Amino acid sequence: MELQAVLMAAGGGSRMMDLTYNTPKPLLPVGNRPLIWYPLNLLERVGFEGKHSVISENKPSKVSLKVKMISTTDILVVSCDLITDVALHEVVDLFRAHNATLSMLMSKVHEFTETVPGQKGKKKAGEQRDFVGVDVTGKRLLFMANEADLEEGLVLRKSIMRKHPRMLIKTGLLDAHLYCLKRSVVDFLVHNKSVTSIRGELVPYLVRKQFSKSLNSKNATEDTEKNQKQQDAHHNLELLSTSKEEALLQLARERSCWNDHRGDMSEAYHGGKLRCYVHIMEEGMCYRVNTLAAYIEANRVVPKLFEDPPIHPTAVVSERSLVGSDSIIGPICQISEKTSIKRSNVGTSSTIKEKVKITNSIIMNGVTIEEGCNIQGSVICNNAVIGRGADMKYCLVGSGQRIEPEAERTNEVIVGSDQLMEI
Amino acid sequence: MKSITCYLFNSEFQTIYRVTFHFSHQALLPLANVSMIDYTLEFLTSTGVQETFVFCCWMASKIKEHLQKSKWCRPTSPNVVHVITSDLYRSLGDVLRDVDTKALVRSDFLLVYGDVVSNIDISQALQEHKQRRNMDKNVSVMTMIVKESPPGHKTRCEDDDIIIAMDGKSKRILHYQRAQALKRLHFPMNIFHSGSDEFEIRFDLLDCHISICSPQVAELFTDNFDYQTKNDFVRGLLVNEEILGNQIHMHVTKDGYGARVSNLLMYDTVSSDTIRRWVYPITPEANFADQEGQSCTHSRHNVYRETGVSLGHGSQMEENVLIGRNTMIGANCTISNTVIGANCVIGDNVTLDRAYIWNRVHIADDVKVKQSVICDNVEVKHRVVLNEQCVLAYNVVVGPDITLPEGTVLSMHHPDEEDDEDDDEFLSDDNDVGYRKDKTKQKGINGDTMFPGLVLNADPESDSESEVSEGSHDLGSHPASPELDDVKVFQNEVHGTLQRGLDENISCDNLVLEINSLKYAYNISLKEVMQILIRVVLEFPFHQQGAQISTAQYSSHLLPLLKKWAPVFKNYVKRPQDQLDCLASMEGVFLERETHWAALVKVLMSMYQLEILEEEGIMHWFNQGSTTDKSQQLRRNQGLLKFIQWLQEAEESSEGDE
């Protein structure tokens, strides 16, 4: 197999603790499927067979060690919280066509329109943006930085501009955390234990490294006396030397009149050995379920992807209830009469009693909702019980919580006290 | 009705023109045997301009004369040309302020430099400009026309490298910077706060120096009296965008030709492009200037011949050759990529490649010329070889049997002379090889600032050199490259001023005046002025006598200078802090020249006696903790210790007196 898929599933979901404190993030139900099903499905769709390595370590160096043990090919790293309908070949094609060191997937950031439980007011717009610089084709990744690191302004070397005289700087892009990485990068990671994050450290490093000369770095680091530095330099070199092309490829490029740029006469890629590419999705769906807002949005959108019947055959739905076509009902559910469900997902073996009105909500597994409840824009986690006649608007009810009858809650996060202690 | 006005303004041209072509105006220099001003006017007329104002200061009468004879002043001309002259037009700013005062324009106008050669169709840009003006009244004040030409393109020269950051959608310019001397390009963060999520940073653009301006531009120049150039204007507007709310947009053209003949490199490029027909329909055989006898024939391989050309037996015009009328070429010559003017005589066995030969030039037998410019009335005697990038200015006579090294400039006119001096005396001795200046010699003193554009060819090698050096950048090592920031330029200027002061015996008061004006011109702080002054003076003998002079020679040269310029120093060194800065700067200079440490004492002594430095200052400096080993070493110098001791004793004795 050309690429070994590596699924990173160790994330704790630290940005949506209310949901994940007793359900591991990969198992959160999205459209009545566990979150991890989506990346696995993505891989399966394009024909990845056999085992995918589901890694539950959170340090890239440890991960890379394991990866090294199980495979000898280039790797495709996918985060477990990615839901996308991207044509995966676009990313892999870039990787193959340019013999790239790294190719990655990005998409336009989505504006979340739904109201998020427990969130006071609109989220401030002035979030820290990522600046992504691509060349004129929009494929080659030239620059990457977060606004937070750019207080002094954006600085570019003129030599880069000379090679890529027209650079598009894009903001408002979402990194899908899907990377194709060369084998040599895995080896590099094994040796560089200091790298703790692919997104935060490895990718920016590779992007920068594209434009530094291997020879120079060698000469300059020879003089440094510190052991640490030498070691680093050694591994840097290894990274570069392992990405040296085979002789045949070299020959093919020399003989070919193909070039990746216009305007000057230098060789393809300007002789650079390290190349990073990015595929930016212009349309289609791409979510990273790492915040509550994204989770809710994903739940709303995902049902459209399936061709399954919205109501599971094993679910018992009263004929006198009203279930909108934009809702899905999981297996062994019981929906009693005079109940209306609109734009909502109801998970496995949940029980919904009479005269309940559910709109815009996510009901996870094993939830019991007593008679006469009105639930709007809320997330009800596993095994929660909502008391009779409760009125819940824009609330998040944690796992196993009980809401007393006739309660009226608006815009609240209701979780157990034990969980609060944990935070 | 379109009342578009154009400004050809001609005083800001570069030094090289002033040095070499002292006898003519830049706008009148022949480019492919047609005056440059005609190209510009032809371009303007073809874009539909109906009225053109030509502003000139330098040699105004000659330009006027030329225009009166040209087709532009005929009654049938679709473009009415007015010539406005004044000695006060020293910069674009002066011209536009005058436009505002005289209220010459009331609607959008086109601003063009007098040396633009172009065939760009600006109608689309005009339309866009108008649309923007209609949508948002008085917000967009200027649309700059830029041409896409990636680095390495022929029409780019290092001088004109610009980096532009723009909004991806609205084409609004957010950041504009000349990138010539920069290794790193810096973009302030606030330009990315415009609400757009897509920006473009472009290094592949060439400013054609054609801009569509609204009448506000002239007003803005009046309001901001410190704007001198278009660069000032654009930078000023962008910086103050939030306050003034004015925006600048740009229009990128992909085809079409537009370049400004701002220096010799561009002269070379544009000439060859014209002959190779890139500026079609402006081609040599079109005779667009409609001058009698200028018509020529165009044959294969872009060989153009005007009337009355005679070609000797066995001579070959290989390709891209333009030969002016009544020129005689001897036998067995090889000519390629060359322009020859009218009434020239060229001998036998002459090889010309990329030569630009103007009118009435005599070239004797067996001469070889490569990539050089030869001005009017030059005589090149036999067996002379001109290597690349030579310039022979008016009336020069060279030879026989001389090989001129690369980059030689020969002129009858001393380059350091004041412009307004009379040239006649230099014209008299026609038959001498005039002042001969070797670029490499000159480099040590003035660097390249004197002659930006002397290099005809910003050769790819220099490009690749910088590439290599840039490779080491992420390691933080900056190679000492000829980066010319303001401080450096200022230092050169101060040096020039002092040199002139010495040569012409200018009084110290006037020197101070000149240095002060330079200070404002380059925006240098007072502290830097003093430090640079010290540095320049201390290094003066090296420049005059060469870097290898002995310490004794050095001090014997320097001390009289110090004495002479003591009032200048006193003007800048006043407070105790000034003294410390001054001493620190001195230390810096001497640290660079270890062999001359012995002279430091003499300098200090002399400065002390001239009452520029006081003993407290010197003592304070000496006792100050030195940071580096070397400066500590300097302080342990025998002579210096003695001097300090002497100072201490003098101090004590003076205290004893009281």
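Listing for the model above:
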read-out: Which listed residue, of B:Leu111, B:Leu96, B:Leu67, B:Leu126, is under 28 Å from B:Asp268 (Cα atoms), in contact (Cβ under 8 Å) with a residue 40 or more places away in the chain and surrounded by 13 or more Cβ atoms within 10 Å (Cβ to Cβ); value: B:Leu111
read-out: Selection status of B:Gln553, in the same structural domain as B:Glu592 (by the TED database), surrounded by fewer than 17 Cβ atoms within 10 Å (Cβ to Cβ) and over 25 Å from the mean Cα position of the chain (by Cα); value: yes
read-out: Residue count for the stretch B:166-204, restricted to those that are of a type in the set (A, V, I, L, M) and facing chain A (nearest Cβ under 8 Å); value: 5
read-out: Condition broken by B:Trp58, with the remaining ones in (1) in a strand (DSSP E or B); (2) more than 14 Å from chain A (Cβ to nearest Cβ); (3) not charged (D, E, K, R) satisfied; value: (1)
read-out: Index of the failed condition, B:Gly341 passing every other in (1) under 15 Å from B:Tyr304 (Cα atoms); (2) surrounded by fewer than 23 Cβ atoms within 10 Å (Cβ to Cβ); value: (2)
read-out: Unmet criterion (only one of (1) at pLDDT below 85; (2) more than 14 Å from chain B (Cβ to nearest Cβ); (3) buried (at least 19 other Cβ atoms within 10 Å of the Cβ)) for A:Ser217; value: (2)
read-out: Contacts under 6 angstrom Cβ, first residue in the stretch B:589-600 being more than 16 Å from B:Gln553 (Cα to Cα) and assigned to a helix (DSSP H, G or I), partner at pLDDT 80 or above and not β-branched (Val, Ile, Thr), 6 or more apart; value: B:Val589/B:Arg535; B:Val589/B:Leu538
read-out: Checking A:Gly138 against (1) modelled with pLDDT under 85; (2) surrounded by fewer than 23 Cβ atoms within 10 Å (Cβ to Cβ), the condition it does not meet; value: (1)
read-out: All strands (runs of 3 or more DSSP E) inside the stretch A:128-204 with 1 or more residues being under 27 Å from A:Gly284 (Cα atoms); value: A:130-134, A:141-146, A:166-170, A:173-181
read-out: Scope the stretch B:66-80; condition under 23 Å from B:Leu92 (Cα atoms) and at pLDDT 85 or above; matching residues; value: B:His66, B:Leu67
read-out: Filter result (assigned to a loop (DSSP other than H, G, I, E, B), closer than 22 Å to B:Leu265 by Cβ and touching a Phe, Trp or Tyr at 6+ places or on another chain (Cβ under 7 Å)) within the stretch B:350-377; value: B:Cys375, B:Asp376
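Residues are listed down the side, and each one gets a yes or a no for (1) under 14 Å from B:Arg172 (Cα atoms); (2) within 14 Å of another protein chain (Cβ to nearest Cβ); (3) in contact with a strand residue (DSSP E or B) (Cβ under 6 Å, 6 or more places away or on another chain):
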| residue | (1), (2), (3) |
| --- | --- |
| B:Ser214 | no, no, yes |
| B:Asn224 | no, no, no |
| B:Lys230 | no, no, no |
| B:Gly236 | no, no, no |
| B:Asn240 | no, no, no |
| B:Asn246 | yes, no, yes |
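The values are calculated or read from the model by the stated rules, or taken from the named source; none is laboratory data. On a predicted model such as this, the values are computed, not experimentally measured, just so you know. Every residue, glycine among them, receives a Cβ derived from its backbone with ideal geometry; neighbour counts consider all protein chains shown.
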